[in-house]
Amino acid sequence: MLIEIWSDIACPWCYIGKVRFEAALERYEHRDAVQVRWRSFELAPAAPKVDPPSTSEHLMAKYGRSREQVAEMMARVTEVAAAEGLDYRLGDAVAANTFDAHRLVHLAAALDPADGGRAMMTRLMRAYQCEGADVSDSATLVRLGAECGLDDGRVTRMLASTDHADAVRADERRAKSLGVDGVPFFVIDEAHGVSGAQPSEFFLEALRRLGPKGGPVTLLTGPAATDAAAACTDDGCEVPQA
């Protein structure tokens, strides 16, 4: 069984969705037969690669919200993340460009197909959402890559080249062809789609009721888009009600 997960490192719901999905996968009776592949999706492809603003400043400018309103939005998402064991520090987050970070995930997947880029994606998400790291910064990416066992020189050479850029763009084109406009988005055996950071129970149910492969992706619907199944789109991230 192949499960492809479109996500962006900058998306707070993607990390939450990842944790919920993996909790379901641990309980799935046939998890040893599951192959997971991480697919690239940029929520803000025009985000700066040099001196990016804080996420707070970015949201204030984008939505015309006050600092207090943005802090309240972040606090609600942080509360949901905490329930999944994640220590979000969104007030420290930097609204950086994630293109090179996605290339790094593809490099990691190429070097360790069995892992499929999972360890690298996890480390990047934690760095962005919990540590205030600038994931557009080459030195930061080299450091994070090394923490996941990647050779410093190899990561440095990749960042100085266009390696894996085509893979990122191919993921994004495929997402568009599937009608994916928000992340996280999960495609199971090229037949079923799951949108948003659904509860673990829903993911487990989806794994157990797979249909045949091939054909158009059929969306498996879960709870309404609340904190139980939220997602991020180019227009912004859903925020649970207070």
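Placing pseudo-labels 7 Å out from each Cα toward the beta carbon at residue 115 and residue 92 gives an inter-label distance of 2.3 nm. Counted over the chain, the DSSP beta bridges are approximately 60% antiparallel.
Summing +1 for each Lys or Arg and -1 for each Asp or Glu among the other residues whose beta-carbon sits under 11 angstrom from that of residue 111 gives -2.
Here each label is just a point 7 Å from Cα along the line to Cβ, and for residue 68 and residue 163 those points are 5.1 nm apart.
Farthest toward the positive end of the dipole of the chain, out of 230, 111, 19, is the Cα of 111, where the dipole comes from beta carbon charges about the Cα centre.
Within the set [x] 47, 46, 32; [y] 61, 44, 39; [z] 88, 64, 30, the number that Cα extents along the principal axes in Å takes when calculated for this structure is listed as [x]. Sorted fewest first by neighbouring Cβ atoms within 10 angstrom, 18, 176, 49 come out as 176, 49, 18. About the centre of its Cα atoms, the range 37-119 shows a dipole size close to 280 debye [charges on the beta carbon of Lys, Arg (+1) and Asp, Glu (-1) only; nearest 20 debye]. Ordered by the count of other Cβ atoms within 10 Å of each Cβ, fewest first, 14, 232, 130 give 130, 232, 14. Computed over neighbours whose Cβ is under 14 Å from that of residue 27, the net charge equals -3, Lys and Arg +1, Asp and Glu -1. GNM remark for the chain: springs join alpha carbons under 10 Å apart, and the peak mean-square fluctuation among 75, 160, 110 falls on 160. What FRET efficiency do you get for residue 30 and residue 143 if R0 is 35 Å and r is their Cβ-Cβ distance, rounded to the nearest 0.05? It comes to 0.40.
Considering only alpha-carbon pairs that sit under 8 angstrom and 6 or more positions apart, the relative contact order computed for the range 47-161 is 26 percent. Computed about the Cα centre, the dipole magnitude for the chain is approximately 380 debye when only Lys and Arg (+1) and Asp and Glu (-1) carry charge, each at its Cβ.
Mean-square fluctuations from a GNM of the chain, with a 10 angstrom spring cutoff on Cα atoms, peak among 59, 210, 144 at 210. Over the residues of the chain, the helix contribution to mean residue ellipticity at 222 nm works out to -14000 deg cm²/dmol, using -39500 (n - 2.57) for each DSSP H run of at least 4.
Other residues whose C-beta falls under 13 angstrom from the C-beta of residue 57 contribute a net charge of +1, scoring Lys and Arg +1 and Asp and Glu -1.
Where a number appears in this text, it was derived from the coordinates with a stated rule and is not lab data. Just so you know, these numbers come straight off a predicted model, no measurement behind them. Cβ sites come from the backbone with ideal geometry, for glycine too, and all protein chains shown count toward neighbours.
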